[in-house]
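Scroll down for the structure; my scribbles are underneath it.
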Amino acid sequence: MKRALIGLFFASALSVPAHAAHWSVDYAKSKVGFTVAWSNEPFSAVFKSWKGDIAFDPADLGHSRANVSIDLSSETSGDSETDAGIKGAQGFAVAHFPTAQFKTSAITHKSGNAYVAAGTLSIKSIARPVILPFTLTISGATAHMVGIAHVLRTDFGVGTGEWAKPDPVAYDVTINVDLTATNVGP
């Protein structure tokens with residue numbers, strides 16, 4: 001009987017799914033944006049509205065994940081005329097495609113505080129695989145993550161018509177992520 005109880009205890013303990021800790025993003029200290037060469041000069045913008053659902057545990061990367069939704073109409077560079085064009089029909093086409101989505105499929109540890117998130121980025125209903133190398137520093141219940149990914153804007157149908165060529169706007173776009181979050185538990 002004792003063996004049966006011990007066996008039942010271990011079986012039930014093994015059947016409980018593991019969960020990585022959930023993290024609450026501090027949006028006041030975090031940003032998601034992009035930089036692209038425009039007439040051979042860097043052009044940078046940020047998204048003022050986005051949401052991240054993050055579960056992460058460096059000791060349990062198999063259950064770690066991130067799902068980020070970006071309101072493309074919140075793009076701002078400080079140049080309202082350019083921003084209107086970026087959000088318009090030849091850019092993000094926010095009237096038809098208001099959000100972009102990044103969802104991880106795997107997070108791996110490289111060395112030290114270096115990680116890589118593999119996932120899918122969807123813009124204008126076009127999904128492409130994206131690799132996001134990032135550094136992560138965890139201090140107590142606070143985490144700070146900085147990452148940079150490179151994508152081709154034309155892979156997502158961004159920049160059509162007169163903007164389809166790589167001049168004046170380059171094809172290569174750098175996505176910049178600087179995120180601060182607090183561990184809120186399982």
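Since every read-out is calculated from the coordinates, none of them should be taken as a lab result. Quick caveat, the model's predicted, so the values are computed rather than measured. Methodologically, a virtual Cβ is constructed for each residue, glycine included, from the backbone with ideal geometry; neighbour enumeration extends over all protein chains shown.
The calculated P(r) of the range 23-185, using every Cα pair and 10 Å bins from 0, goes 10, 40, 32, 15, 3, 0 in percent. When shorter helices are ignored and each DSSP H run of at least 4 residues is given -39500 (n - 2.57), the per-residue value for the chain at 222 nm works out to -3500 deg cm²/dmol. For the range 33-41, putting each phi into the Karplus relation 6.51 cos²θ - 1.76 cosθ + 1.60 with θ = phi - 60° gives couplings of x, 8, 9, 9, 6, 10, 6, 6, 10 Hz, in residue order, rounded to whole numbers and with x for Gly and Pro. Computed from backbone phi, the HN-Hα couplings of the range 128-138 come to 9, x, 9, 10, 10, x, 8, 10, 9, 10, 10 Hz, rounded to whole numbers (Karplus: 6.51 cos²θ - 1.76 cosθ + 1.60, θ = phi - 60°; Gly and Pro given as x). Based on C-alpha pairs under 8 angstrom that are at least 6 apart in sequence, the chain has a relative contact order of 25 percent.
When TRP163, TRP38, TRP50 are arranged by Cβ crowding within 10 Å, least crowded first, meaning fewest neighbours, the order is TRP38, TRP163, TRP50.
If the Kirkwood radius is taken over C-alpha pairs of the range 84-144, then at 4 °C and 1.567 mPa s the Stokes-Einstein diffusion coefficient equals 95 µm²/s. Cross-link reach is defined here as a Cα-Cα straight distance under 17 Å, omitting same-chain residues fewer than 8 places apart; for LYS51 the lysines meeting it are LYS29, LYS31, LYS103.
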